[in-house]
1. Give me the accessible area per residue for the chain, probe 1.4 Å, as a whole number in Å².
2. Treating the Cα atoms of the stretch 50-151 as identical point scatterers in vacuum, please give the log10 of the normalised Debye intensity I(q)/I(0) at q = 0.11, 0.15, 0.19 Å⁻¹, two decimals.
3. Which whole-number percentage describes the relative contact order of the chain, with Cα contacts under 8 Å and a sequence gap of 6 or more?
4. Given the options 141, 167, 18, state which has the largest fluctuation in a GNM of the chain using a 10 Å cut-off (strictly under) for Cα springs.
5. Can you pull the Rg over Rh of the chain, Cα-only, Kirkwood?
6. Arranged from highest to lowest average of other beta-carbon atoms within 10 Å per residue, in what order do the peptides 21-27, 174-180, 109-115 appear?
7. Leaving ligands, DNA and RNA out of it, work out the accessible area of residue 124 with a 1.4 Å probe and give it in Å² to the nearest 10.
8. Quick check for me: using +1 on Lys/Arg Cβ and -1 on Asp/Glu Cβ, what's the dipole size of the chain about its Cα centre, in debye to the nearest 20?
Amino acid sequence: MSKLTTEAWADALELYQYSYTSVAVGRREHEEWWLDVAAIMLGQTADPRGWPSLDPDEGEFERRDDPLFPFAEAPTAPEDVVRFRRRVTEIPRNSAHSLLVMLSIPGLDATKAPEFDHDRPEMERRADLIISRFPDGTRFYSNIGWKGDNPDFYEQPVRLTDPFSRYGWDAGLIAVNNSEVAMIWYFDPT
């Protein structure tokens, strides 16, 4: 695998070029990391390494009216944190890897993605780069439902989510370690 550099990170984010997916990483500044998630949702963070992020709504009319858009609310108060904590479940690192790939596929279903078998090696290469940013000990959380302890999201399409956005359906991954918090979030506005 390539060493993770600004250029390699930018290349990895190309994984999401055809989906409505945002990717943002912020510095972990709070013991209660949900407050850092809120800062990401509100667009109040910059990548601590100065690397690119993806914000498909940047400059859009809705965002100018509401910096939280497309998210419905952010966990900015203790009672919000309690509610948000119940909306996600921790997933193992290998499951986070397959979820990173799935978040790039419209509909989040590999069985319905044309040419998935052909594109899969390149998609996984980019997912490898993304996950390499987060060292061992990083914890991963998602708002989706799954079966088993080690879900493989290629085999188990996403069918159930607890949406964070104003849309009826979204899915994402939160990565948390001692220095950074990241959100990779897919939206379906249909």
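The values are calculated or read from the model by the stated rules, or taken from the named source; none is laboratory data. From a predicted model like this one, the values you see are computed outputs, not experimental measurements. Cβ placement follows ideal geometry from the backbone for every residue including glycine, while neighbour counts extend to all protein chains displayed. The protein model used for the area step is the full one, side chains on, heavy atoms only, and it has no ligands, DNA or RNA in it. Shrake-Rupley method; radii C 1.70, N 1.55, O 1.52, S 1.80 Å.
1. Ligands and nucleic acids excluded, the figure is 50 Å² per residue.
2. -0.48, -0.89, -1.26
3. Worked out over the chain, it gives 31 percent.
4. 18
5. Details: Rg = 15.5 Å, Rh = 16.7 Å.
Rg divided by Rh gives 0.93.
6. 21-27, 174-180, 109-115
7. Accessible surface of residue 124 is approximately 50 Å².
8. 380 debye
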